[in-house]
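Below is one structure, written out as structure tokens, with a few remarks after it.
The values are calculated or read from the model by the stated rules, or taken from the named source; none is laboratory data. Keep in mind that what you see is a predicted model, and the values were worked out from it rather than measured. Backbone-built Cβ (ideal geometry, glycine too); neighbour counts: all protein chains shown.
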Amino acid sequence: MWKKIKQLIFIILVLNVVFIIWGRFFNPPITLTQIGGLFEYGKLHRDYISYDEMGSNVKKAVIASEDQKFFDHDGFDYTAIEKAMKYNEKGKKIRGGSTISQQTAKNIFLWQGRSWVRKGLEAVYTFIIEKVWSKDIILERYLNSIEMGQGVFGVEAAAQYYFGKSSKDLSASDAAWIAAVLPNPKKYDPKNPSPYLRKKHNWIMRQMRNVSLK
């Protein structure tokens, strides 16, 4: 019995290594989150594109919104994590401190949720992809797989869905609207923005001026 368990663990480890290396060159065929969206909404809008095809505005908008230290950290923003922990100790709403690298690890390899098991695995995958993939690859995988609406995944599908244009043609304002729905794309809609979403859009527009794509 123990021998079979060790063999199973070994197979799982090998498959994970292969998947991580494979992911350095290709976008995932499908993710657990995308499967969940397909079952929930009966549709799956996505269109994987290359890093260069995405255009600069949407990259800057998402970095400004989600992780302004993306190009400088090693996968973890310890200051943001500490702030989130202090906030969660006294706040009613849960605030996350995840970086784009951590979100990429979750979206590509894992499932949604807040369990300690999932967070532990997320940390392991984050550490590995930061070593094996480049920052551009991590950002490309993230922007292609992130949920950006009900059954809408990735910046290209979001650009077409919300604005009827390619992501490379998004204006700074368009891109900020798309980024503003994160991290709750099922709740917020750029087509019908709430006062909160308008405020966040304006904040992202200001923050984009400080974002440099390295």
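Out of the range 166-189, which residues are surrounded by fewer than 22 Cβ atoms within 10 Å (Cβ to Cβ) and assigned to a loop (DSSP other than H, G, I, E, B)? Working first, answer last.
Filtering the range 166-189 for residues surrounded by fewer than 22 Cβ atoms within 10 Å (Cβ to Cβ) gives 166, 168-169, 171-174, 182-189.
Hits for the range 166-189 are S166, S171, L182, P183, N184, P185, K186, K187, Y188, D189.
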Practice task
Return the residue satisfying two criteria in turn: it lies in the range 151-165 and is free of Cβ contacts under 8 Å to residues at least 24 places away in the same chain and assigned to a helix (DSSP H, G or I), and of such residues it is surrounded by the most Cβ atoms within 10 Å (Cβ to Cβ).
Solution key: A158
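In this structure, is M148 buried (at least 18 other Cβ atoms within 10 Å of the Cβ), of a type outside the set (D, E, K, R) and in contact with a Ser or Thr (Cβ under 9 Å, 6 or more places away or on another chain)? Walk me through how you get there before you give the answer.
Numbers: buried (at least 18 other Cβ atoms within 10 Å of the Cβ): yes; of a type outside the set (D, E, K, R): yes; in contact with a Ser or Thr (Cβ under 9 Å, 6 or more places away or on another chain): no.
Considered against the rule, which asks whether it is buried (at least 18 other Cβ atoms within 10 Å of the Cβ), of a type outside the set (D, E, K, R) and in contact with a Ser or Thr (Cβ under 9 Å, 6 or more places away or on another chain), M148 comes out as no.
Report the residue count in the range 60-83 for those that are without any contact (Cβ under 8 Å) to a residue 12 or more places away in the chain and within 23 Å of S171 (Cβ to Cβ). So that I can check it myself, show each step before the final result.
Quick first cut of the range 60-83, residues without any contact (Cβ under 8 Å) to a residue 12 or more places away in the chain only: 72, 78-79.
Next, from what is left, pick out any that are within 23 Å of S171 (Cβ to Cβ): none.
Going through the range 60-83 one residue at a time, the tally reaches 0.
Looking only at the range 147-171, which residues are of a type in the set (G, A, S) and farther than 28 Å from W111 by Cα? Please lay out each step first, then the result.
Residues of the range 147-171 that are of a type in the set (G, A, S), as a first pass: 149, 151, 154, 157-159, 164, 166-167, 171.
Hits for the range 147-171 are G164, S166, S171.
Conditions (1) in contact (Cβ under 8 Å) with a residue 12 or more places away in the chain; (2) touching a Cys at 6+ places or on another chain (Cβ under 9 Å); (3) not hydroxyl-bearing (S, T, Y), marked per residue:
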position: T126; (1), (2), (3): yes, no, no
position: E147; (1), (2), (3): yes, no, yes
position: L170; (1), (2), (3): yes, no, yes
position: A176; (1), (2), (3): yes, no, yes
position: K199; (1), (2), (3): no, no, yes
position: M208; (1), (2), (3): yes, no, yes
Handout entry: Check on Y196, closer than 14 Å to H45 by Cβ, part of a helix (DSSP H, G or I) and out of contact with any helix residue (DSSP H, G or I) (no Cβ under 6 Å at 6 or more places or on another chain)
Key = no
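Of L213, L143, which residue is in a helix (DSSP H, G or I) and touching a residue at least 12 places away in the same chain (Cβ under 8 Å)?
Numbers: L213 fails: in a helix (DSSP H, G or I).
After applying the criteria, what remains is L143.
Would you check if K119 is of a type outside the set (G, A, S), out of contact with any strand residue (DSSP E or B) (no Cβ under 6 Å at 6 or more places or on another chain), farther than 28 Å from R24 by Cβ and at pLDDT below 90? Steps first, please.
On the way: of a type outside the set (G, A, S): yes; out of contact with any strand residue (DSSP E or B) (no Cβ under 6 Å at 6 or more places or on another chain): yes; farther than 28 Å from R24 by Cβ: no; at pLDDT below 90: yes.
Answer is no for this residue.
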Handout entry: In the range 98-116, the residues that are within 16 Å of P28 (Cα to Cα), buried (at least 17 other Cβ atoms within 10 Å of the Cβ) and not polar (S, T, N, Q)
Key = A105, K106, I108, F109, L110
Practice task
Return a yes/no flag: does the range 97-111 have any residue that is at pLDDT 85 or above and more than 21 Å from W133 (Cβ to Cβ).
Solution key: no
